[in-house]
Each structure stands twice: as structure tokens, then as C-alpha cells.
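Reading through the C-alpha cells given below for one structure.
The values are calculated or read from the model by the stated rules, or taken from the named source; none is laboratory data. Just so you know, these numbers come straight off a predicted model, no measurement behind them. Cβ placement follows ideal geometry from the backbone for every residue including glycine, while neighbour counts extend to all protein chains displayed. Note: areas computed on protein heavy atoms with side chains; ligands, DNA, RNA excluded. Shrake-Rupley method; radii C 1.70, N 1.55, O 1.52, S 1.80 Å.
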Amino acid sequence: MAKAQVHTSMMETMVEKGCLEEKEGDEVYTGDGSVDRHGRPSIKGKSGGWSVGFLILVSQGMATLALFGVGVNLVLFMAKVLQQGNAEAASNVNQWTGTTYLFSLVGAFVSDSYWGRYKTCAIFQVIFVLGLVLLSLSSYLFLHEPCIPSDGNHRCKPPTTVEVGIFYVCIYQIALGMGGYQPSIATFGADQFDGEDPKEVNSKVAFFSYFYMAMNLGSLFSTTALVYLEDKGKWFLGYLTSAGSAFLALVLFLIGTPRYRNFKPGGNSLASICQVIIAAVKKWRAEMPTHGDDLYEVNGNDYSTNGGRKILHTKQFRFLDRAAVITYKDFDQKDQVLTANPWRLCTITQVEEVKCILRLLPIWLCTIIYSVVFTQMSSVFVEQGAAMKTTISKTFHVPPASMSIFEIFGVSSFVLIYQRCSIPLPCGLHKKNLRDLTELQRMGIGLIISAMAMVSAGIVETQRLKHAQECCDGYKESSSLNILWQIPQYVLVGASEVFMYVSLLEFFNSQMPNGLKSFGNSLYMTSMSLGNYVSSLLVKIIMDITAKDGHPGWIPENLNKGHLDRFYFLLAALAILDFVVYVSCANWYRFINLEGKGEAAEVSDYSTQRST
């Protein structure tokens with residue numbers, strides 16, 4: 001017991017000073033408040049770092065391989081095996097994908113509030129593996145043979161309701177497992193690096209780049225080898241490979257358990273947010289104090305999140321400050337003792353956590369348009385490629401969907417450039433490493449590059465239509481323009497991902513209070529989900545407007561009769577408009593200011609002002 005008290009006392013001292021303290025035997029604790037699996041302060045030399053960071057990266061790559069191994073050909077499985085129509089199959093796949101992203105909110109909530117990131121990752125990975133195993137077994141037992149009505153020797157026998165039901169239970173269990181696991185794993189990986197140690201800060205930032213690259217490399221195998229297996233009807237073998245990959249990912253994750261650094265969950269975050277809003281409403285007539293120091297706060301050591309530090313008061317959203325105003329009703333009328341009912345009186349830190357979310361929302365909304373641009377890679381880019389010449393040297397055929405390999409190449413290449421290269425900056429600034437730019441600045445660069453990708457795609461489409469007109473009478477055949485002309489647009493999308501999505505992961509990780517970091521990552525996933533929905537809505541609106549009076553519209557079945565180039569240029573214009581709005585939101589944003597980091601916060605605020 002005495003030894004545990006010594007650990008606790010030393011940890012409080014570290015938190016108050018914001019620095020590292022040495023333990024007997026020259027063992028050094030982390031300065032960010034992380035603990036080991038037994039709840040004791042983490043010792044730097046015996047926990048965290050790249051030894052476990054690498055395990056998490058490989059584990060994430062294997063898990064991504066498993067997920068894409070199911071999702072990449074799911075629409076074909078529904079059409080060929082479940083005998084669904086193309087529209088029905090596509091709709092069911094979109095619903096499954098959207099549900100996967102929505103489950104990220106569930107995982108984020110239990111991670112931040114109750115289980116912590118390690119336990120959340122482990123439990124949802126087990127659910128993910130079991131779902132894949134059940135899907136493999138069901139495909140082997142009764143959902144393994146495609147229906148081939150053109151074959152006279154084969155009779156199409158539709159699957160039974162029970163068989164279809166089992167299939168849906170399996171794929172939605174996979175969605176629950178992956179969706180619940182995904183928002184916590186990136187933050188958990190970053191937790192392995194001490195944010196208070198200058199030597200580990202760069203590693204923490206670099207981890208997000210390598211994390212995103214690991215995801216892309218994992219999808220590379222699933223979009224090549226597994227696609228080939230499933231395209232040949234070997235569903236069981238493809239799904240079994242995915243299950244094996246997910247199981248290996250789980251084993252790798254569990255191997256690092258003794259060395260992981262953890263943060264304790266901070267309690268029900270949703271209840272905390274509601275307390276601030278209700279308390280502020282109850283005191284809407286309360287007189288506001290002149291200084292933030294007069295608002296209610298408790299000792300910093302009483303916080304289990306943010307390394308035990310308070311979040312300092314800010315002047316934005318001052319109407320919420322009423323939740324921390326102390327009135328006579330907050331005292332016990334008999335004993336005149338402050339009761340501190342959380343539904344009437346909240347701490348400044350609690351109020352500032354809600355402010356953090358409100359400040360992030362405009363930035364998050366600006367990323368949705370980027371996600372609309374990003375989703376075109378898996379839809380109209382493929383349709384455009386299918387309408388081009390897909391053969392090389394008269395023998396080698398390039399599947400249009402496989403062009404996404406160049407996007408993965410772009411991601412991998414720009415991650416290395418992102419980590420090592422310097423660029424000249426305007427306004428008389430010296431060259432800076434890309435990592436030295438603020439997350440907001442890098443996200444702005446990502447928006448610009450996404451607009452360039454759409455312009456490139458539009459130019460290629462313009463040339464494709466010209467070649468179709470020259471070689472194909474009446475636009476009846478595909479264009480003679482080679483599909484390799486699509487390479488620049490795929491590479492540019494990959495480059496924009498590095499600047500946007502990697503920076504977005506870093507941004508949410510650094511700006512969310514520790515008790516809400518998984519929720520921040522779930523916002524990143526819901527941005528991608530909403531991008532899919534907005535893209536579908538945008539296409540529908542465009543077709544409703546342009547396909548009138550006998551006109552085929554911009555994106556008809558036969559692209560040679562349409563104007564896909566105009567659609568691309570419209571997306572480029574939307575991306576530029578989104579950038580203008582984003583710059584305004586970035587200049588308005590103020591970085592989180594934790595106790596003991598005032599100087600860093602001032603630098604961050606200055607950097608934000610230069611986010612353009």
C-alpha cells in the first residue's frame with residue numbers, strides 16, 4: 001500500500017510541474033499521465049515507443065486487409081450468390097458501409113466513457129474475428145456457389161430466408177467489430193508516445209502518417225489477390241483468408257499488452273456534455289463574472305483525464321460559462337456548504353470540453369466536401385476508366401478498379417515526402433518541414449490538392465470524349481484514350497489523403513480532451529460516411545437537372561453521350577469554395593489550452609492565424 005502511495009504522490013508531482021520526475025533506480029515516468037495495465041504510472045524505458053507502435057501498425061494493416069477482403073466484392077456476392085438485382089445489391093452494400101461508420105460512434109462512446117481504449121480495441125477485434133469466421137463457415141456450407149442461369153446443366157436455386165438471414169448477421173457483426181474498433185486504435189497507438197517528451201512528440205505525429213499508410217498497404221493485397229479469388233467464385237477461400245488475417249491482427253495486438261501505455265476512461269462523456277448544457281440553461285439569467293478565475297473549478301489532481309490537468313478558460317461560447325457560475329442555489333441552505341450538483345454547477349474544464357467540440361464542428365463540416373471528392377475514386381473514376389482503352393501492348397488488360405493501386409502508391413510516396421521534405425512558404429517565412437506546419441495548414445493543402453485532382457480528371461475526360469468522337473461514330477464505343485492517363489488523378493487523390501486525413505487524425509487527437517479522443521476519431525469516420533451520402537445526393541440532383549427534354553444528362557449509362565468532365569469541374573469548384581470557407585473557420589479556431597502549457601498554447605494560436 002505504501003509503495004502505491006509513493007507512485008501516486010510522484011505522479012501528482014509530475015502532473016503539477018508538467019515534466020518528468022525520476023524514480024528510485026533512475027527509472028523515468030512518462031509526463032502525460034499514462035499508466036500501465038495495473039494502473040501504475042508508466043515507466044518510459046519499459047513501456048510504449050515504436051516497439052509496440054510497430055505491432056499496432058502491422059495489426060491495423062492486417063485488419064484492413066480483412067475488412068476490404070469482404071467489402072471489395074460484397075456487391076458481386078450479393079448479386080451472384082444471393083441473386084439480388086444490381087440496384088438492390090448496391091443499396092445493401094452502401095447501407096452496410098454506412099452502418100460500419102455509424103458503429104464507430106458506439107465504440108468511441110464506450111472507449112471514452114467506460115472501457116478505455118485498450119479494452120475497447122480488444123473486445124471489438126474479437127467480435128470482428130468471430131464475424132469473419134462465421135461468414136467463412138456460412139459461405140462454405142450453403143452460400144458458396146454462384147447462380148449461372150445460362151448454364152443448362154446448372155439450376156438456379158435461390159438461398160433460403162434462413163441462409164440469407166445468417167449472412168446478414170455475419171456481415172453486420174463484422175461491421176460492429178470493425179466500426180467499434182477503428183476510432184480507438186489510432187488514438188491508442190498515439191498514446192504509446194509521451195506528448196510531454198520532445199523526443200517522442202515527433203514520433204507521436206509520425207505515427208498517424210504510418211498508420212494511414214498501413215491501412216492503404218493492407219487494402220492493396222485485398223484489392224489484388226483477394227479480388228482475384230472472389231472474382232473466380234472462391235468465396236470461402238477469400239473469406240477464410242480475411243478471417244486468418246483478422247485473427248493474426250488480434251494476436252499481434254495482444255502481444256504488446258504488457259508494454260502498452262493506457263489512459264483511464266473519464267466517465268460518461270455524453271452525460272457530462274448534457275450537464276453543461278442543462279446547467280447553462282438553468283442559469284441563463286445569472287450575472288457573469290468579469291474574470292474566468294471567478295468561475296467554479298476543482299483541484300487539477302482530481303481529474304482522471306488530460307493527465308490530471310485542467311483546461312484553461314477561453315472567451316469563445318461565453319454563454320456556456322454560466323454552467324460554472326456559482327449562485328446561492330448551489331449552496332446547502334442549512335449548512336451553507338457548496339453542494340456542487342453536476343446538473344447545476346460544472347467545472348471550467350467540463351465547460352471547456354464542450355467548447356472544444358463546438359470549435360471542432362465547423363472544421364469537421366468542411367471535411368465533408370473533401371470526402372465527397374474522395375469517394376469519386378471508387379465510383380466515377382472506375383466508370384471513366386471502363387470507358388477508356390484498357391489494354392497495353394495488345395495483350396495485357398488493366399481492370400479499371402485496379403487503378404486504385406496508384407492511389408495507394410501516392411499515399412505511400414507522400415507519407416515519406418510528408419515526413420522528410422521541406423517546402424518554401426509564403427509571407428517571407430523560411431523553408432519548413434511539412435510536419436512543422438500546423439494540422440490546419442496541412443488540411444488546407446489537402447483541399448487544394450483535391451481540387452487539382454478533379455481538374456486533372458476533368459481534363460482527361462475532355463480528351464477521352466474527343467477521342468471517342470474521333471474514333472467512334474455516334475459515341476457507341478469506348479474511347480481510344482488509354483486508361484493510364486488516369487494515373488495523375490489517382491496519385492493526386494492519394495497525396496491529398498495524406499494531407500487531409502492524416503492531419504485530421506492528428507488534429508482530433510491533439511485538440512480533443514483525452515476523455516473524448518476516440519469520439520474525435522469517430523468524427524473522422526463519419527465525415528467519410530457523410531461524404532458517400534452527399535455524393536449520392538449530388539449525383540441525383542445533377543441528373544434530375546441535366547437529364548431533361550431528351551438529354552442524357554452529365555452521367556448517363558453511356559458516358560460517351562454525357563459530360564462527366566463538367567461533373568469533375570463542378571467538384572473542383574466546390575472544393576475551392578470549401579477551401580475559402582475552411583480558411584475562415586481555421587482563422588477563427590483556437591487551440592486547446594491545458595494547464596501548464598500556456599506557452600505552447602500561445603504558439604498554437606499564432607500558428608492558427610497563419611493557417612492560410
Exactly one of (1) crowded, with 17+ Cβ neighbours inside 10 Å; (2) more than 22 Å from the chain's Cα centre (by Cα); (3) touching a residue at least 40 places away in the same chain (Cβ under 8 Å) is unmet by Lys561. Its number? (1)
Run down Phe263, Phe253, Phe221 and say which single residue is in contact with a Leu (Cβ under 8 Å, 6 or more places away or on another chain) and under 22 Å from Ser47 (Cα atoms). Phe253
Taking Phe193 as meeting all but one of (1) in a helix (DSSP H, G or I); (2) farther than 26 Å from Ser136 by Cβ, write down the number of the exception. (1)
Looking at the range 26-41, which of the residues that are free of Cβ contacts under 8 Å to residues at least 60 places away in the same chain and of a type in the set (D, E, K, R) is least open to solvent (accessible area, probe 1.4 Å)? Glu27
Quick check: anything in the range 524-546 outside any helix (DSSP H, G or I) and open to solvent by less than 50 Å² (accessible area, probe 1.4 Å)? no
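Yes or no, residue by residue, for (1) more than 24 Å from Gly31 (Cβ to Cβ); (2) over 24 Å from the mean Cα position of the chain (by Cα); (3) open to solvent by less than 70 Å² (accessible area, probe 1.4 Å); (4) at pLDDT below 90:
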site	(1), (2), (3), (4)
Tyr568	yes, yes, yes, no
Asp578	yes, no, yes, no
Gly598	no, yes, yes, yes
Ala601	no, yes, yes, yes
Can you tell me which condition Pro556 does not meet? The list is (1) open to solvent by 60 Å² or more (accessible area, probe 1.4 Å); (2) under 20 Å from Arg464 (Cβ atoms), and all the others hold. (1)
Members of the range 29-66 found to be more than 13 Å from Pro258 (Cβ to Cβ), at pLDDT below 90 and assigned to a helix (DSSP H, G or I), listed by number: Lys44, Gly45
Of all residues being free of Cβ contacts under 8 Å to residues at least 24 places away in the same chain and open to solvent by 40 Å² or more (accessible area, probe 1.4 Å) in the range 47-84, which is nearest to Leu134 (Cα to Cα)? Just the residue, please. Val75
Checked the range 478-525 for anything aliphatic (A, V, I, L, M) and under 30 Å from Gly562 (Cα atoms); matches are Leu481, Ile483, Leu484, Ile487, Val491, Leu492, Val493, Ala495
Which residue is modelled with the lowest pLDDT, if the candidates are limited to the range 248-276 and must be among the polar types (S, T, N, Q) and part of a helix (DSSP H, G or I)? Ser269
Just to verify a result, which residue in the range 350-407, among those that are touching a strand residue (DSSP E or B) at 6+ places or on another chain (Cβ under 8 Å) and open to solvent by 10 Å² or more (accessible area, probe 1.4 Å), is nearest to Gly494 (Cα to Cα)? Val398
Give me a count of the residues in the range 415-440 that are modelled with pLDDT of 70 or more and either under 18 Å from the mean Cα position of the chain (by Cα) or not in a helix (DSSP H, G or I) (or both). 5
Residues of the range 218-247 satisfying the condition of being assigned to a helix (DSSP H, G or I) and either under 20 Å from Gln192 (Cβ atoms) or among the basic types (Lys, Arg) (or both): Gly218
Cβ-Cβ below 6 Å, separation at least six or inter-chain, first residue in the range 286-297 and at pLDDT 80 or above, second open to solvent by less than 90 Å² (accessible area, probe 1.4 Å) and of a type in the set (Lys, Arg): which pairs? Ala286/Arg322
Here is a check on your reading of the model: is Lys44 open to solvent by 30 Å² or more (accessible area, probe 1.4 Å), over 22 Å from the mean Cα position of the chain (by Cα) and closer than 30 Å to Gly233 by Cβ? no
Members of the range 328-356 that are at pLDDT 85 or above and assigned to a loop (DSSP other than H, G, I, E, B): Trp343, Arg344, Leu345, Cys346, Thr347
